[in-house]
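Below: the structure, in structure tokens.
The values are calculated or read from the model by the stated rules, or taken from the named source; none is laboratory data. Model, not experiment: these values are computed from the prediction. Cβ coordinates were reconstructed from backbone atoms using ideal geometry, including for glycine residues, and neighbour counts include every protein chain displayed. Note: areas computed on protein heavy atoms with side chains; ligands, DNA, RNA excluded. Shrake-Rupley method; radii C 1.70, N 1.55, O 1.52, S 1.80 Å.
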Amino acid sequence: LFITVKIENFIEKVEDIEEQLDKYLNILGIEYADSILLHTPKASKIPLEESYRELKRLVSIGKSRNVSASNLNINQLKMIVEELGIELFSFEGLYNLECKQNEDVGILDYCKEHNILFINYQPFRRNRTANHNYPLLVELANKYNKTQNQILLNYYVKEKNIIPITKANKIEHIKLNLEALDFDMEQQDYQRLNEFRCEEFDKLEVDWLDNGGIPIYKFANQVE
């Protein structure tokens, strides 16, 4: 098991971070987390740099093995890595076939350049991607005798080198997810998935500062 603890709303003062982490550790009956992160910058009412300095301190005293990040914009990510000198273990962010905004602004590339594992949430958009039956996905599913979601999983892991967060509450789900990695697609098919764009999402704008628009962590739910 690899246990990541997310610090959630609301952090009023720096001491709240350790207090919240301690509550998780006590509930789980463990002495440390494998990684710790803020769900979003808005989780904290203190400056982001102060929050991440505290996360770094919690690693130094053994309450977490790593610091990770989530739902930052590219400038916030660079600040944590380059100004604070924190070696992030992972970055949890939105990425799927229809929502490539984190890639568009350079976050995926930055993570690769700095050896930060990119973990994508909503890889299937809660099955809404497959429900659209995009001709490309249907074609590839038929070509490789896989489900549309298996095509997507294969694409994320083998082409994009990212780790999807998938729901699996049945053994059958785990089996299907593993079977998504037992084949390779032709490079031209990976490229077609790379080039795929969803007009409905592309016409929307991410509010990267979360100042009242559509924040990245709510972006995938704007289209059915």
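Taking the Cα centre of the range 116-224 as origin, work out the dipole magnitude from +1 charges on Lys and Arg Cβ and -1 charges on Asp and Glu Cβ, in debye rounded to 20.
Roughly 380 debye for the range 116-224.
In a Gaussian network model over the chain where Cα atoms closer than 10 Å are linked, find which of 45, 160, 143 has the largest mean-square fluctuation.
143
Could you work out which residue, out of 201, 118, 183, moves most in a Gaussian network model of the chain, that is, has the largest mean-square fluctuation with Cα springs under 10 Å?
Ranking 201, 118, 183 by mean-square fluctuation puts 183 first.
Report the FRET efficiency, 1/(1 + (r/R0)^6), for residue 223 and residue 12, where r is their Cβ-Cβ distance and R0 is 45 Å, rounded to 0.05.
E between residue 223 and residue 12, to the nearest 0.05, is 0.80.
Relative to the first principal axis of the alpha-carbon coordinates of the chain, what is the inclination of helix 48-60, with its axis defined by its Cα atoms, in degrees from 0 to 90 and to the nearest 10?
Long axis of 48-60 versus the principal axis of the chain: about 80 degrees.
Using θ = phi - 60° and the Karplus curve 6.51 cos²θ - 1.76 cosθ + 1.60, what whole-Hz ³J(HN,Hα) does each residue of the range 216-222 get, with Gly and Pro shown as x?
Each residue's phi maps through the Karplus curve to give 4, 6, 10, 5, 5, 9, 7 Hz.
Once you place label points 7 Å from the Cα toward the Cβ at residue 109 and residue 134, how far apart are they in nm?
The answer from the label model is 2.1 nm.
Going Cα to Cα from residue 100, which lysines come in below 17 Å? Please leave out same-chain ones fewer than 8 positions away.
Qualifying lysines at Cα under 17 Å: 112, 158, 160, 203, 218.
For residue 7, which sequence-distant residues (separation of 5 or more, or a different chain) have an amide H within less than 5 Å of its own amide H, given hydrogens modelled in the peptide plane?
Sorted by chain and number, the residues that satisfy this are 37, 38, 39.
So what is the relative contact order for the range 93-210, in percent, with contacts set as C-alpha pairs under 8 Å and at least six apart?
RCO, the range 93-210: 28 percent.
Given the peptides 98-107, 127-136, arrange them by the average over their residues of other C-beta atoms within 10 Å, most packed first.
Peptide ranking by packing, descending: 98-107, 127-136.
Among 89, 35, 2, whose Cα projects farthest towards the positive end of the dipole of the range 1-136, with charges put on the beta-carbon of Lys, Arg (+1) and Asp, Glu (-1)?
2
Could you tell me how many degrees, from 0 to 90 and to the nearest 10, lie between the Cα long axis of helix 15-28 and the main elongation axis, the longest principal axis, of the Cα atoms of the chain?
Its long axis makes an angle of about 60 degrees.
On alpha-carbon atoms, Rg over Rh for the range 1-88 using Kirkwood Rh?
0.94
Put +1 on the Cβ of each Lys and Arg and -1 on the Cβ of each Asp and Glu in the chain; which of 79, 166, 221 then has its Cα farthest toward the positive end of the dipole?
The one lying farthest along the dipole's positive direction is 166.
What angle do you read, to the nearest 10 degrees and between 0 and 90, between the alpha-carbon axis of helix 135-144 and the longest principal axis of the chain?
80
How many percent of all Cα-Cα pairs in the range 67-115 sit more than 16 Å apart?
Considering the range 67-115, 30 percent of its Cα-Cα pairs are separated by more than 16 Å.
Could you name the aspartates and glutamates in cross-link range of residue 23, using Cα to Cα under 18 Å and dropping any fewer than eight places away on the same chain?
Within the straight-line limit of under 18 Å, residue 23 reaches these aspartates and glutamates: 8, 12, 15, 31, 34, 54.
Multiply the residue separation of residue 147 and residue 169 by 0.36 nm, subtract the distance between their alpha-carbon atoms, and state the gained length in nm to one decimal.
Result for the pair: 6.1 nm of gain on full extension.
Can you give me the Rg/Rh ratio for the range 16-142, using Cα atoms for both radii and the Kirkwood formula for Rh?
On the Cα set of the range 16-142, Rg over Rh gives 1.06.
Counting pairs of alpha carbon atoms under 8 Å apart in space and at least six apart in sequence, what relative contact order in percent does the chain give?
On the way: 304 pairs, mean separation 33.0, N = 224.
Averaging sequence separation for qualifying contacts and normalising by length gives 15 percent for the chain.
Given the -39500 (n - 2.57) contribution per DSSP H run of 4+ residues, what per-residue ellipticity at 222 nm results for the chain, rounded to the nearest 500 deg cm²/dmol?
-10500 deg cm²/dmol
What part of the accessible area of the chain, given as a whole %, is carbon or sulfur when the probe is 1.4 angstrom?
The value for the chain is 49 percent carbon and sulfur by accessible area.
Using a Gaussian network model of the chain with C-alpha springs under 10 Å, which one of 115, 161, 211 is most mobile by mean-square fluctuation?
Largest GNM mean-square fluctuation: 211.
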